[in-house]
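Engineer: My structure is below; once you've seen it, I'll send some questions.
The values are calculated or read from the model by the stated rules, or taken from the named source; none is laboratory data. A quick note: this is a predicted structure, and the numbers were derived from the prediction, not measured. Cβ placement follows ideal geometry from the backbone for every residue including glycine, while neighbour counts extend to all protein chains displayed.
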Amino acid sequence: MVTACEQICVLLWKDIKLKQRRPISTLMELLAPLVIISILIGIRQSQDFFQRSSACQFKPSPLASSGLGAVLRSFCHLGVCREGAQTFHTDQDLVTDEGNISRVMGAINFWLNHNTIKKLSLAASATRPALALFDGVKVTKEQRASFETAEVPFPKLLDLSMGPGMAGLMLSQSGLPNILCSGAGATANWTRAVRELCKQPRFRENLRSQLDFDAVRAQMASTDSNKRSVLLNPSDLKSLQMLLSQINEMSNDGTLLVFQKMRDLAVNVTEGLSSSRLKGWLRSVKILAGHVCGSGKNVLSDYLDREMVEDVAEDFEPNELIEKSTNDSEETVNLTTILPPEEFCSDKRYQNAILLLPDWLLDKLGFSGLKRLMFGEILYYPESERTRKFLKKLNETLIAASWASYIAENFVKSTSPRIANFITNSSEMANMRTLLSHCQIYYAGQPNGRNCKNLELFLQPDPPSAQSNTSSTWKDSLNTTNTLMLRLYFATACFRLSKLRGFSTEKSLENRTSFLIDELEDYKKVNKSLFIASLLFDKLAPGFVKYRLRFPENSIDSTRHFKVLDSHFKPKPRTNFQTDFKYFTSFFIYIQELLEHGIQAEVTGVNAPLQTYLTMFPSVCYMDDTFAKVTNAFLPMLLIFTWIFNVSVLVNAIVYEKETRLKEMMKIMGLSDGVHWVSWFITSFAIMLVSGTLITVMLKAGQIIGLSNPGLLFLFIVSFAVSTICEAFFISIFFSNASVAAAVAAVAYIVGYVIYLVVIQFTSTMRQAHFIVSFLIPQIAFGIGSEIISNWELAVIGLQANNFFSAPLWSEELSFFLVILMLWVDSAILMLLTWYLEKLFPGPYGVPKPWYFPFLHSFWFGNTSKHGVSDSSLAFSNGKVESVSVDSNESSKQHFEDEPANLKVGVAIRNLSKIYRPGCFSCRRQTEPLTAVDDLSYNFFENQITSFLGHNGAGKSTTMSILTGLFLPTSGTAFIGGYDIRTEMDQIRRHLGLCPQYNVLFDTLTVEDHIYFYGMLKGLSRAELNVQIDFLAADVGLEKKRHEICGNLSGGMKRRLSVALAFIGGSKVVVLDEPTAGVDPHARRSIWDVLAKYRQGRTIILTTHHMDEAEILGDRICVINKGRLVCSGSPMFLKKEFGEGYTLTLVKASPDCELDVVLNSVQSEVPEANLAECTSSEINIRLPYSSVPLFADLFETLDEIPLQLGISSYGIEDSSLEEIFFSL
């Protein structure tokens, strides 16, 4: 008997041979897992991914006690890193802008109250356009430049009435030219230029034309009581010089650019707010954030620069998003008219329209809490005088936010119309526009002239309706300001309403909370306030207060199981605004601080003006491995997918043996299921072990996982390889088609990874029991194990022996040891399921066991009792011998020849039945069960070849499949070598040989390999095998093909090899299912010789469709029809029983042969003879078997008078088996 170890060695030999004959596939199994790792190494080595990050400090964030404005501004810098040991001054850009505004406004205030400006504005009505000073004058560029840049420049339009001090001088026709041409008080350059120009009469004439003497005289001589008297002194000219020099200086040093920046801001924000694309709105938010937060990086600019938001903004319109998210009607909201806050604060349409952002985008930006603060309620319990005092500071701070709404409302309703009326209708602005027109003429082509021109256009009383961006008007600016003020009003007006709502019972508070949160969306279409928080005071002792502050679950960090840290290690501080500052962005920390201050003031009686600041701890410098950060999310996927090809190949190979009946063939030859799985495991594990070793080396050498212990990494990979093999075994038992199985195995393997992706989303809330259950899928255990390794690598520690049993950062209940343990537990469970389910579902060619088979004593210990047979007419039944029963009809008994008395029974069939019942999902519309074998009983004897005959569908193949263990009988049984096929099939297969109807061979094994392989399974020694290989190959005519692989053999050669394999190892019972099908006559004759040679000591059951073969080879012939035994006996017995006798064939000598004469002559010797057939050349006469004694006289008569009878020759033959078969 072959031991299990010997069988394993034989199967390993077979697997090695198969791998050697398929070098490409084997090489792919070894190298396919290395492809992804090689790509990773190439990327890793392509550049230096390590970056040194310097230490960071963070700006202190004021809490609500510092004022609501400080709180909102503190959002700009939450988590924004400032490198090095910086001090946090006010942002320089804001300081510069504020200083520039103050400087310009101070200058405006100064000059508007200056006497000279007042004189000029009063005299503006006396001015008139005049000729240009240099018209008709020959002047060089240098002279013009010297004249125009003088410290005492001459105003081109000075049509003014003068005071008595200058009137006499100025009223003379030569007064003004004489003053200027003298160059008094001017610089040397200017004096030289003017003297040269003054030599030209045209220049002096132009100087005189600068004064409208009639207007001046009329002004001076006027007796009007409202006459504007302007006393212009020489010092006023110097003042004008100072004014223009200051304007020029502020223009050159960029001071005036602050107004351009403010204008650009107003234009961009206005355009963004009115934009139909969300991207434009976000760009406005970004610009506004830059002005509010100051220079440099801030939270909003950092987030809005990300490509994701830009992409989202390109695809949607704000109104579309709002309508989509709220499912409101198409009715729009009115944000151009001041409304009482009671009319819109609870209206969902206004809530969405005021911010112009849907909830999902607010969440992404981290400002979902702002919307709740603007339109929500804070619920508290109990409502009492003392609790209201606790909430006093909180209430005051919230009400303070409403002040902005009053300012905005006053501006829109009062200030804005007054500004418009002043600019349009006031005489002051009219005088200013006149003065600016003179200024631009005098400074034509210079910066001062352009400034005057732009300011004049800006202050036009009735500007054009459409202006370009470079020529905006005061109306544009005022409309922009009105829009911003309206938006400010709607954003802050809801703070006028009380946001604190008290309840007398906790139940009523909970009901209100459920209504506002509306998790099930039962009140989705109801207009209501939003939920900010709920506050429950549990204990209100005089010196002690205990309370609970509740916020929506998604607005703050989850504290379930105290897992508030990141899911994996990060060297950098937690500075992600959207996810790491939820206690700030939800306003939790601010409400808590104000509440604590209120409680403190009430309990202690001291209302101290405290201000609280929070700041993050500075972070130390660290090495940032960007490659590790990127691969951290992909490493589990990459490592899992390294084995997908191996899984597919393994499942394909296992199912292929099942599909082609190779597995059952090996089982018939004595192979056990356990040995089969062990051999496959060793073969697959050997390949994966080589790949796993190479993967470990590559991961370490390629710096993919450079810090972890290589031994632990190798253990991890090997553990997963083992569980992967067991998972492939488990998948294979459900399929009988190799191609389908390979494809489904790959899909199932990927599905395991997809489930891992789902599970990983919930790890922060999972306990150890949850991890253990999820780890029953190997891909999940391996994926999370890879995550743990990645986390240790990011921590610049790596997986080491000292942290093997330690919990990673993100879960105190999970260690790497648990992952390794569960991978081995998975392997054990999967193998156990494979063993159990394979017994229940062995496939189309196996015998299924009942579901309770593990509890049967016979399964574990077997039934080793052997039933002997001594009488040839007896068979086995319940340990006693009894005769084979036949039908009680006497005529039926005559169809069965008595069994031989001197032979042992090799196979005894007892009341065997097989009924195929229609399945629940059968494609055929068959409602009646099909009986393939119907109560069959028969004995097959040793040293005999029994021909088992029947037409197609008679039940031959079913019976033989039952005898070989492929099918389970519906009822009855059979004994082979004394063992019951129902319970002792494993013992039977040790003595059973089979030549199946179809060739069951390994395509890549040679003839010699097959004989060697199956001989080793039968327990033959190498010496015995060498002998059997020689003579079996010779007997079946394959000597010259013994080293040829079966895939290259012809069909006939494969058939001969299958016959040879049935006799290997001295099989006592050999079942030959059409052994000569598809072979040539010569090979057929050689197979007959082999069967005749090996019949001694064996029970051979032969099925064939060749009747001559059955007659020649069969010692006994058994015929069944519709699953029942029809007849049985030797060929001679069947011929006598069913044949019509001998046939005498007489060949006519000539066509004139007389039939009656010939027939009378034959009947004279054999009276029972009768005519069978007569043709033109032959006469066939039937002679009964009873007339055999008369044949001698008949033949003598035919020899004496052939010519008289008209015959040339004659012959006689017995009935053929084929005729008998047809007659049955």
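Engineer: Of the conditions (1) of a type outside the set (D, E, K, R); (2) outside the structural domain of Thr387 (by TED's automatic domain parsing); (3) more than 29 Å from the chain's Cα centre (by Cα), Thr615 fails just one. Which one is it?
Structural biologist: Against the list (1) of a type outside the set (D, E, K, R); (2) outside the structural domain of Thr387 (by TED's automatic domain parsing); (3) more than 29 Å from the chain's Cα centre (by Cα), Thr615 comes up short only on (2).
Engineer: Now a separate question. Of the residues in segment 1121-1130, how many are surrounded by 20 or more Cβ atoms within 10 Å (Cβ to Cβ) and over 60 Å from the mean Cα position of the chain (by Cα)?
Structural biologist: Total meeting the criteria: 4.
Engineer: A follow-up question, please. Look through segment 757-803, keep the residues that are among the aromatic types (Phe, Trp, Tyr) and more than 19 Å from Phe714 (Cβ to Cβ), and return whichever of them is surrounded by the most Cβ atoms within 10 Å (Cβ to Cβ).
Structural biologist: Phe775
Engineer: Let me ask something additional. Working carefully through the options Leu671, Leu707, find the one that is modelled with pLDDT under 90, closer than 16 Å to Trp13 by Cα and aliphatic (A, V, I, L, M).
Structural biologist: When all the criteria are applied, what remains is Leu671.
Engineer: So which residues in segment 497-511 are in a helix (DSSP H, G or I), crowded, with 18+ Cβ neighbours inside 10 Å and among the charged types (D, E, K, R)?
Structural biologist: Within segment 497-511, none qualify.
Engineer: For segment 1009-1027, give me the residue count where each residue is surrounded by 20 or more Cβ atoms within 10 Å (Cβ to Cβ) and without any contact (Cβ under 8 Å) to a residue 40 or more places away in the chain.
Structural biologist: Within segment 1009-1027, residues that are surrounded by 20 or more Cβ atoms within 10 Å (Cβ to Cβ) and without any contact (Cβ under 8 Å) to a residue 40 or more places away in the chain number 2.
Engineer: Name every residue in segment 445-464 that is under 60 Å from the mean Cα position of the chain (by Cα) and surrounded by 14 or more Cβ atoms within 10 Å (Cβ to Cβ), in order of residue number.
Structural biologist: Residues satisfying the conditions are Asn454, Phe458, Pro463.
Engineer: Let me ask something additional. Restricting the first residue to segment 34-52 and requiring it to be over 18 Å from Pro636 (Cβ atoms), which pairs with a second residue that is at pLDDT below 80 meet a Cβ separation below 6 Å and a spacing of at least six or different chains?
Structural biologist: Every condition considered, the pairs that remain are Phe49/Asp625; Phe49/Thr626; Phe50/Met623; Phe50/Asp625; Gln51/Asp624; Arg52/Met623.
Engineer: Scan segment 340-383 for residues that are modelled with pLDDT of 90 or more, surrounded by fewer than 17 Cβ atoms within 10 Å (Cβ to Cβ) and not acidic (Asp, Glu) and jot them down.
Structural biologist: Matches in segment 340-383: Pro340, Pro382.
Engineer: Among the listed residues Ser1130, Ser1161, which satisfies the condition of being over 30 Å from Leu1061 (Cα atoms) and not acidic (Asp, Glu)?
Structural biologist: The match here is Ser1161.
Engineer: Something else: Being surrounded by fewer than 21 Cβ atoms within 10 Å (Cβ to Cβ), over 32 Å from the mean Cα position of the chain (by Cα) and over 30 Å from Arg574 (Cβ atoms) narrows it down to one residue among Val606, Val620, Val675; which is it?
Structural biologist: Every option except Val606 fails the conditions.
Engineer: May I pose another question? All but one of (1) farther than 30 Å from Glu506 by Cβ; (2) at pLDDT 85 or above hold for Ala601, so report the exception by its number.
Structural biologist: Here Ala601 clears every test but (1).
Engineer: Which one is modelled with the lowest pLDDT among residues in segment 554-574 that are closer than 29 Å to Leu391 by Cβ and aliphatic (A, V, I, L, M)?
Structural biologist: So the residue we want is Val564.
Engineer: For segment 710-735, give me the residue count where each residue is crowded, with 18+ Cβ neighbours inside 10 Å and outside any helix (DSSP H, G or I).
Structural biologist: Within segment 710-735, residues that are crowded, with 18+ Cβ neighbours inside 10 Å and outside any helix (DSSP H, G or I) number 2.
Engineer: I'd like the residue in segment 1108-1139 that is among the acidic types (Asp, Glu) and in contact with a helix residue (DSSP H, G or I) (Cβ under 8 Å, 6 or more places away or on another chain) and, out of all such residues, is farthest from Leu1217 (Cα to Cα).
Structural biologist: Glu1109
Engineer: If we keep just the residues of segment 1027-1053 that are among the charged types (D, E, K, R) and at pLDDT 85 or above, which is farthest from Val1090 (Cα to Cα)?
Structural biologist: Glu1044
Engineer: Another question about this same structure. Residue check, Thr3 against (1) in the same structural domain as Trp643 (by TED's automatic domain parsing); (2) of a type in the set (Ser, Thr, Tyr); (3) without any contact (Cβ under 8 Å) to a residue 24 or more places away in the chain, all met but one. Which one?
Structural biologist: Unmet for Thr3, out of (1) in the same structural domain as Trp643 (by TED's automatic domain parsing); (2) of a type in the set (Ser, Thr, Tyr); (3) without any contact (Cβ under 8 Å) to a residue 24 or more places away in the chain: (1).
Engineer: Can you work out which of the residues in segment 759-773 that are in contact with a Ser or Thr (Cβ under 9 Å, 6 or more places away or on another chain) and polar (S, T, N, Q) is farthest from Ala628 (Cα to Cα)?
Structural biologist: Within segment 759-773, the match that is farthest from Ala628 (Cα to Cα) is Gln768.
Engineer: State whether one or more residues within segment 13-23 are surrounded by 19 or more Cβ atoms within 10 Å (Cβ to Cβ), over 30 Å from Leu639 (Cβ atoms) and in contact with a helix residue (DSSP H, G or I) (Cβ under 6 Å, 6 or more places away or on another chain).
Structural biologist: Yes, the conditions are met somewhere in segment 13-23.
Engineer: Looking at segment 518-558, which of the residues that are in a strand (DSSP E or B) and among the charged types (D, E, K, R) is surrounded by the fewest Cβ atoms within 10 Å (Cβ to Cβ)?
Structural biologist: This residue is Lys539.
Engineer: Please determine, by comparing only the residues of segment 1131-1144 that are in contact with a strand residue (DSSP E or B) (Cβ under 9 Å, 6 or more places away or on another chain) and not in a helix (DSSP H, G or I), which one is surrounded by the fewest Cβ atoms within 10 Å (Cβ to Cβ).
Structural biologist: Glu1140
Engineer: Looking at (1) in contact with a strand residue (DSSP E or B) (Cβ under 8 Å, 6 or more places away or on another chain); (2) among the hydroxyl-bearing types (Ser, Thr, Tyr); (3) more than 30 Å from Leu394 (Cα to Cα), which one does Ser38 not meet, given that it meets all the others?
Structural biologist: Checking Ser38 against (1) in contact with a strand residue (DSSP E or B) (Cβ under 8 Å, 6 or more places away or on another chain); (2) among the hydroxyl-bearing types (Ser, Thr, Tyr); (3) more than 30 Å from Leu394 (Cα to Cα), the one that fails is (1).
Engineer: Same structure, new question: For the list (1) modelled with pLDDT under 85; (2) among the hydrophobic types (A, V, I, L, M, F, W, C); (3) under 30 Å from Phe685 (Cβ atoms); (4) surrounded by 19 or more Cβ atoms within 10 Å (Cβ to Cβ), I need the number of the one condition that Phe577 fails.
Structural biologist: With (1) modelled with pLDDT under 85; (2) among the hydrophobic types (A, V, I, L, M, F, W, C); (3) under 30 Å from Phe685 (Cβ atoms); (4) surrounded by 19 or more Cβ atoms within 10 Å (Cβ to Cβ) applied to Phe577, the lone miss is (3).
Engineer: Keeping to segment 1150-1178, report how many residues are among the polar types (S, T, N, Q) and either without any contact (Cβ under 8 Å) to a residue 12 or more places away in the chain or not assigned by TED's automatic domain parsing to the domain that holds Ser1208 (or both).
Structural biologist: Here the count works out to 3.
Engineer: Please find, within segment 911-961, the residue that is modelled with the lowest pLDDT out of those that are of a type in the set (Ser, Thr, Tyr) and in a strand (DSSP E or B).
Structural biologist: Tyr916
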